[in-house]
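All remarks here apply to the structure that follows.
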Amino acid sequence: MDRQEAIEFLLDHYQHPRNRGQLENADVVMPGGNPGCGDVVTIYLKVGEAGDHVEQVSFEGEGCTISQAAASILTEMVTGKPLSEIDQMDFNDMIDHLGREVVNTRPRCATLALGTLKAAITKYRNDQIRAGLDADS
Amino acid sequence: MADYAHPEVLVDTNWVADHLNDPNVRLVESNEDILLYDQGHIPGAVKIDWVADLNDPVVRDYLDRERFEKLLSSKGISNDTTVVFYGDKNNWWATYALWVFKLFGHKDARILNGGRAKWIAEGRELTREVPNYPPAKYVAPERDDKTIRAFRDEVKEYIKKSGVALVDVRSPAEYSGERTHMPEYPQEGTLRGGHIPTAVSIPWAQAVREDSTFKSFEELQELYGSKGVTPDKDVIAYCRIGERSSHTWFVLKYLLGFPKVRNYDGSWTEWGNSVGVPIEKTYQG
């Protein structure tokens, strides 16, 4: 993907965001933010019944083109994916996927959604552990 | 605009429309959102990004003389070019870029009053075509860090001085210490909240109207004068990283004509993280 293609890719997702909006029955609602340029993203995560993969994911947010486009792109990337695979996703992989040449001066904007999704997964697992402990007691 | 102390530093959208093909004028778009320029910009405008172009990539500082010369040469800007900055967010980043240009003494730097928002609101032409200008010859002096830039230890001295004014241009909640960033923004970035002792609170955006143009000379004079920020004083403005305060610096220096105004770019991210510096906090929560 050359620079212009990367820009078109980002603008398409910014102007026509996928999976934008609240998700009914989300297991986790996780807000995230980037103080560098004022971007905010909230991830809504619904985990599959077996507790091991993303059944549905959506986002809401405001901010710069890169942060909002990246959130849209991420939701497409991870729907149906095992949680363990998302654990392995590296911020650098995300930057490469978005187009390093375009986003390299705004790495925090580019990785905000991924970081927020990872935080959502951590919260999901902690909630599961807590629910298990409550059931035992 | 005629009542301002230096009306020549502001141009309006009609002026820009009339000078789109003027070889002595270079339009420079500087935004917070790095991809806005790619979505459409004023025909002939070049982009200057505050991160990639104006900051040092390693040290927390600005570019040096050599990089500045190369940057301007690559944009087809010579020492005699009239540079007109404009951008998003009430020209917040445009005034920041202008302030950096002034660190190197660029002679003729102006702001498009109303910025990108006003140009678009008037339905004027935007293009996605990126211009390619032949390299220009630019010779810059060493960066002047004394005249319009302030550092932490100088600010510390100002706390004890008379005849000076410190202006905190952040939001009231940041000033009080309730927040360490703007409302609706995440609360990160500094270890302590509050403001520099003796600083008065005048949020930067109070200097502009709803259409992003600057308020009148009289309105601005009242805004700052009512808080004791008057032209007889040495003034230092600060915010979080020196971007919002560059906007206030521009207003005080050029629109109100204050003779001595500096921007403390270390601002709250330096002050609020420094060990042992005094802080006032009015928030009692």
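The values are calculated or read from the model by the stated rules, or taken from the named source; none is laboratory data. Keep in mind it's a predicted model, so treat the numbers as computed, not measured. Note that each Cβ is placed from the backbone with ideal geometry, even for glycine, and that neighbours are counted across all protein chains shown.
Return the residue satisfying two criteria in turn: it lies in region B:61-84 and is assigned to a helix (DSSP H, G or I) and more than 21 Å from the chain's Cα centre (by Cα), and of such residues it is farthest from B:Gly105 (Cα to Cα). Top of the filtered list is B:Ser74.
Of the residues making up region B:50-79, just one is loosely packed, with under 14 Cβ neighbours inside 10 Å and touching a strand residue (DSSP E or B) at 6+ places or on another chain (Cβ under 7 Å), namely B:Asp56. Within region B:126-149, the set of residues being touching a helix residue (DSSP H, G or I) at 6+ places or on another chain (Cβ under 8 Å) and in a strand (DSSP E or B) comprises B:Arg149 only. Please indicate, with yes or no, whether at least one residue in region B:94-112 is surrounded by 14 or more Cβ atoms within 10 Å (Cβ to Cβ), touching a strand residue (DSSP E or B) at 6+ places or on another chain (Cβ under 6 Å) and without any contact (Cβ under 8 Å) to a residue 24 or more places away in the chain. Within region B:94-112, one or more residues are surrounded by 14 or more Cβ atoms within 10 Å (Cβ to Cβ), touching a strand residue (DSSP E or B) at 6+ places or on another chain (Cβ under 6 Å) and without any contact (Cβ under 8 Å) to a residue 24 or more places away in the chain.
For the structure I just gave you, tell me whether B:Thr213 is of a type outside the set (Phe, Trp, Tyr) and modelled with pLDDT of 95 or more. Criteria met by B:Thr213. Restrict the check to region A:49-60 and report whether at least one residue is within 14 Å of chain B (Cβ to nearest Cβ) and in contact with a strand residue (DSSP E or B) (Cβ under 6 Å, 6 or more places away or on another chain). Looking for residues that are within 14 Å of chain B (Cβ to nearest Cβ) and in contact with a strand residue (DSSP E or B) (Cβ under 6 Å, 6 or more places away or on another chain), one finds at least one in region A:49-60, hence yes.
Only one residue in B:Trp15, B:Trp93 is assigned to a helix (DSSP H, G or I) and more than 20 Å from the chain's Cα centre (by Cα), so which one is that?
Being assigned to a helix (DSSP H, G or I) and more than 20 Å from the chain's Cα centre (by Cα) holds for just one of B:Trp15, B:Trp93, which is B:Trp15.
When restricted to residues that are in contact with a strand residue (DSSP E or B) (Cβ under 7 Å, 6 or more places away or on another chain) and either surrounded by fewer than 20 Cβ atoms within 10 Å (Cβ to Cβ) or assigned to a strand (DSSP E or B) (or both), region B:18-36 contains 7.
For region A:70-79, the count of residues that are of a type in the set (Ser, Thr, Tyr), away from every other protein chain (no Cβ under 14 Å), under 21 Å from A:Asn19 (Cβ atoms) and out of contact with any helix residue (DSSP H, G or I) (no Cβ under 6 Å at 6 or more places or on another chain) is at least one.
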